[in-house]
Amino acid sequence: MKIKAPVYYGDYLQLPKILNAQDTESGKDGKEAHEETLFIIIHQAYELWFKQILHEIDSIRTIMEKPFIPSTDLAVINRRLERVTKIQDLLVDQINIMETMTSLDFMEFRDYLVPASGFQSLQFRLIEASLGIKAHHRMEVEKQFFNSRLKPEDKKTLEATEAKTSMLELIEAWLSRMPFSKFEGFDFWGDYSAAVKSMLENDKKIISTNPSLDDRVRGMELANLEMTRKSFDTLLDPASFNAWKSEGKVHLSQKAMLSAVFIYLYRDYPALQMPFKVLNNLTEVDEKFTTWRYRHAIMVQRILGTKIGTGGSSGHEYLRSTTERNRAFIDLFNLATFLIPKSMRPKLPDNITNQLDIVYDSLRP
Ligand code: HEM
């Protein structure tokens with residue numbers, strides 16, 4: 001190692017740059033609004049954490065681009081995803097600090113901000129795009145809102161990220177490569193289908209013989225059960241599944257979805273524990289972003305009521321709608337539709353369980 005000058009705390013962290021970056025717009029106008037400093041610092045803290053999240057997601061995408069991902073790499077992916085979820089907890093919590101600023105306080109400096117807005121958070125858009133929410137997933141009005149408000153160089157950066165393979169696409173490719181949608185010499189999905197039939201017959205019997213239901217409610221419940229049966233049929237039929245996909249009801253391919261169902265059903269086997277954890281962590285990441293979006297939308301309602309945002313959207317109403325719609329890993333939530341009780345799972349033949357189990361050679365009986 002070369003001998004160099006001792007590192008100084010403030011220089012290493014470039015604190016003069018960071019701590020001198022809170023110029024209030026109200027101050028520049030000679031009418032300093034006390035709360036504007038909090039508003040700036042909170043946003044800066046968010047952007048720093050967004051940077052860290054992008055750092056983790058980018059590194060995970062690089063690992064996932066490999067044609068084969070060994071379990072040691074899956075462990076790294078899981079550790080990084082878990083870090084992302086911890087950061088997300090913090091991001092949700094910071095809304096409590098923002099909410100110590102009241103609506104009246106905000107009005108003291110709000111007009112200085114127009115037309116700047118969270119719409120223009122490039123890093124937030126990069127996180128969305130890296131996970132899998134790209135321009136074509138957005139409503140027309142939403143696309144126009146933030147596209148027209150991004151600087152040309154930011155727009156270019158966003159488009160470059162959108163052109164890359166997203167985490168959702170990488171997960172789809174990884175799941176599709178797995179050998180679980182078809183087994184040599186064992187009709188797993190035939191056995192699964194029989195188990196589903198028996199589970200649904202049982203549900204039908206419970207509804208039909210439930211004395212506390214009147215005919216109208218019984219009819220409704222049986223119709224819902226029929227919908228569930230149709231969902232199972234769709235999962236197992238490539239043509240119907242592709243129709244679902246083209247209607248945007250599902251994002252993953254049928255092969256990928258079947259692998260994910262298999263992993264969820266047999267996740268206790270060592271070979272499936274890590275893959276299960278990856279899917280579960282991604283579900284967690286999606287849930288925490290959704291929670292943040294919802295908390296942010298409620299905070300906006302508290303601070304703005306039904307006023308429009310500085311970026312020109314309908315404010316709370318717009319944000320509430322993106323909460324439900326912008327979900328990169330919604331398929332992993334809907335996966336639960338296709339699960340059956342543990343006790344009804346098809347019994348796997350020894351040649352498959354031997355591969356799913358990991359036994360250190362010297363311990364084999
Ligand atoms: C007083 C506090 C806040 C208010 C009143 C507020 C208001 C809004 C409004 C109304 C929008 C919709 C776009 C518009 O018309 O401007 C928006 C979007 C957004 N805000 Fe905030 N915001 C606040 C704090 C924050 C904070 C602390 C962050 C953290 C980075 C943030 C990040 C975002 C993001 C990323 C969007 C885009 C969301 C999307 O399009 O899905 N906001 N905000």
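Measure off 7 Å from each Cα along the Cα-to-Cβ vector at Asp23 and Ala243, then give the distance between these two points in nanometres to one decimal. Result for the modelled spin labels: 6.0 nm.
Once you list every other residue whose beta carbon is under 10 Å from the beta carbon of Arg295, what net charge do they have if Lys and Arg are +1 and Asp and Glu are -1?
Details: positive: Arg293; negative: Asp93, Glu99.
Cβ neighbours under 10 Å give a net charge of -1.
Could you work out how far the C-alpha centroid of the range 72-121 sits from that of the range 339-365, in angstrom? Centre-to-centre (Cα) distance: 43 Å. Of the GluC sites (Glu not before Pro) found in the range 172-255, those that fall in a DSSP loop while having at most 12 other beta-carbon atoms within 10 Å are Glu184, Glu247. The shape of the range 203-326 comes out oblate: with a ≥ b ≥ c from the C-alpha gyration tensor, a/c is at least 1.5 while a/b does not beat b/c. One Cα centroid belongs to the range 269-330, the other to the range 195-234; the line between them spans 32 Å. Is the range 122-170 best put as rounded, prolate or oblate by its Cα gyration tensor, with a ≥ b ≥ c the root eigenvalues, rounded for a/c under 1.5, and otherwise prolate when a/b is larger than b/c, oblate when not? Oblate, because a/c is 1.5 or more while a/b does not exceed b/c.
Taking the C-alpha atoms only, the angle from helix 316-325 to the longest principal axis of the chain is near 30 degrees.
Over all directions, average the projected area of the Cα convex hull of the chain and note it in nm². If you can, show how the numbers build up before the last one.
Values: hull surface 111.5 nm².
The orientation-averaged projected area of the Cα hull of the chain comes to 27.9 nm².
Angle, helix 152-163 long axis vs. longest principal axis of the chain, Cα atoms, 0 to 90°, nearest 10? It works out to around 10 degrees.
What pairs in Lys197/Lys230; Lys205/Lys255; Lys66/Lys143; Lys197/Lys249 have C-alpha atoms more than 21 Å from each other? From Lys197/Lys230; Lys205/Lys255; Lys66/Lys143; Lys197/Lys249, over 21 Å: Lys205/Lys255; Lys66/Lys143; Lys197/Lys249.
Loop-located chymotrypsin sites (Phe, Trp or Tyr not before Pro) across the range 1-85 with a Cβ neighbour count of 12 or fewer within 10 Å are Tyr8, Phe68, with loop assigned by DSSP.
No value in this document is a laboratory result; all are computed from the given coordinates. Because the structure is a prediction, the values reported are computed rather than measured. Cβ: placed from backbone, ideal geometry, glycine included. Neighbour counts: every protein chain shown.
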